[in-house]
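Read the structure below first, then the notes.
Read the figures in this text as sums done on the coordinates, not as results from a lab. A quick note: this is a predicted structure, and the numbers were derived from the prediction, not measured. Here the Cβ positions follow ideal geometry from the backbone for every residue, glycine too, while neighbour counts run over all protein chains shown.
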Ligand SMILES: Cc1cc2nc3c(=O)[nH]c(=O)nc-3n(C[C@H](O)[C@H](O)[C@H](O)COP(=O)(O)OP(=O)(O)OC[C@H]3O[C@@H](n4cnc5c(N)ncnc54)[C@H](O)[C@@H]3O)c2cc1C
Ligand code: FES
């Protein structure tokens, strides 16, 4: 294991500084940790919730004062326990781990399904800082499942023409009514993008992978699997010969082609059982 991995893998205990509810099910939690604040868009950390579990979470923002945010959707014991913690409570962090989104070209299409926007918020800010234009689409079932509404809607005012932001909801309660993948297909049909970035439910990622193949546009996606060690040794996060924690979590179109039999189809749970997605 490299010095880099040994340093990043050490558990640090940090104090929660701020908590911002994004919607009734999701909170953004901010703490200070120098190592995590050096993360690149796409990287994740392991967050230990004392007495409950340790879970992987993407970094949603980093700030010059060394503070870092994660954005957490409540799905089970660990995420519920984390979202019920308060300011000044202590959590443990390891990382950052994994690779990053590669930024290139002149115009990017950034697609987030619900809390999948977490790593993409940081990516969007980095893309704009590097002078690359971006169209961002966030999709959710309904208005009260949208995340980063304020941040995303304020971006066009700050960056003028270099960014466009759209929302889709399945019930039409905010933005464009319908599935995010329908809007993606429409956008790729009428505009030219150099690269598509995606994160969210794997069914959505699979569909976007198929659309981008059809339009011959590069794509990168951040994938989720069951993560334990986070440093590539236990094998719990394997998808088609790749380890999500070490080879990912960001995968290229070529890598997704190689794992096509698994992407959006099969995963393994914490007991190693094969589950249909
Ligand atoms: C690299 C990586 C980055 C991640 N980044 C984030 C992030 O930024 N924000 C975030 O909220 N989550 C993120 N996740 C997912 C997060 O780690 C899981 O939601 C968490 O581990 C669930 O733990 P739990 O104990 O609350 O639920 P569990 O008890 O483990 O799961 C409860 C139930 O929810 C299901 N479930 C588990 N994960 C998900 C999920 N992601 N979506 C829907 N259902 C799920 C399980 O199959 C189970 O049925 C990330 C995962 C990976 C691998
Ligand atoms: S979580 Fe252990 S190899 Fe990826």
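For a test of the definition: using alpha carbon positions, the gyration tensor, and the 1.5 limit on a/c, classify the stretch 1-129 as rounded, prolate or oblate. Don't skip to the answer; put the middle values down first.
Values: a/c = 1.78, a/b = 1.22, b/c = 1.45.
Oblate, because a/c is 1.5 or more while a/b does not exceed b/c.
Between residue 38 and residue 75, what is 0.36 nm times their sequence separation minus the Cα-Cα distance? Round to one decimal in nm. Before the final figure, lay out each step's value.
Details: separation 37, 0.36 × 37 = 13.32 nm, distance 2.79 nm.
Stretched out fully, the residue 38 to residue 75 stretch lengthens by 10.5 nm.
Could you work out how far apart the two model spin labels at residue 159 and residue 194 are, taking each label as a point 7 Å from the Cα in the direction of the beta carbon, and quote it in nm?
Simple spin-label model gives 1.4 nm for this pair.
Work out how much length residue 150 to residue 88 would gain on full extension: take 0.36 nm times their residue separation and subtract the Cα-Cα distance, in nm to one decimal.
Numbers: separation 62, 0.36 × 62 = 22.32 nm, distance 2.52 nm.
Net length gain for the segment: 19.8 nm.
Once you order the gyration tensor axes a ≥ b ≥ c over the Cα atoms, which shape class does the stretch 204-252 get: rounded for a/c under 1.5, otherwise prolate or oblate by comparing a/b with b/c? Show your work: numbers first, answer last.
Details: a/c = 3.26, a/b = 2.75, b/c = 1.18.
Prolate, since a/c reaches 1.5 and a/b exceeds b/c.
Test of understanding: express the Cα radius of gyration of the stretch 194-277 as a ratio to 2.2 N^0.38 Å, with N the residue count.
Values: Rg = 12.5 Å, N = 84, 2.2 N^0.38 = 11.8 Å.
After normalising by residue count via 2.2 N^0.38 Å, the value is 1.06.
Please compute one quarter of the surface area of the Cα convex hull for the stretch 172-233 and express it in square nanometres. Could you put the intermediate results ahead of the total?
On the way: hull surface 23.9 nm².
That works out to 6.0 nm².
Please report the antiparallel percentage of the DSSP beta bridges confined to the chain, to the nearest 5.
Within the chain, antiparallel bridges account for around 60 percent of the total.
Given axes a ≥ b ≥ c from the Cα gyration tensor, I'd like to know whether the stretch 67-183 is rounded (a/c under 1.5), prolate (a/b larger than b/c) or oblate. Please list the in-between numbers first.
Details: a/c = 2.02, a/b = 1.26, b/c = 1.60.
Oblate, because a/c is 1.5 or more while a/b does not exceed b/c.
With only alpha-carbon atoms in the gyration tensor, what are the semi-axes of the equivalent ellipsoid for the stretch 26-90, in Å, largest first? Don't skip to the end; give the middle numbers.
Values: eigenvalues 77, 31, 22 Å².
Result for the stretch 26-90: semi-axes of 20, 12, 10 Å.
Report, in whole Å, the centroid distance computed from the Cα atoms of the stretch 148-180 and the stretch 1-70.
26
Between residue 176 and residue 65, 0.36 nm times their residue separation minus their Cα-Cα distance comes to what?
Stretched fully, the residue 176-residue 65 segment lengthens by 36.2 nm.
Two decimals, Cα atoms only, Kirkwood Rh: what is Rg/Rh over the chain?
Expressed as Rg/Rh, it is 0.94.
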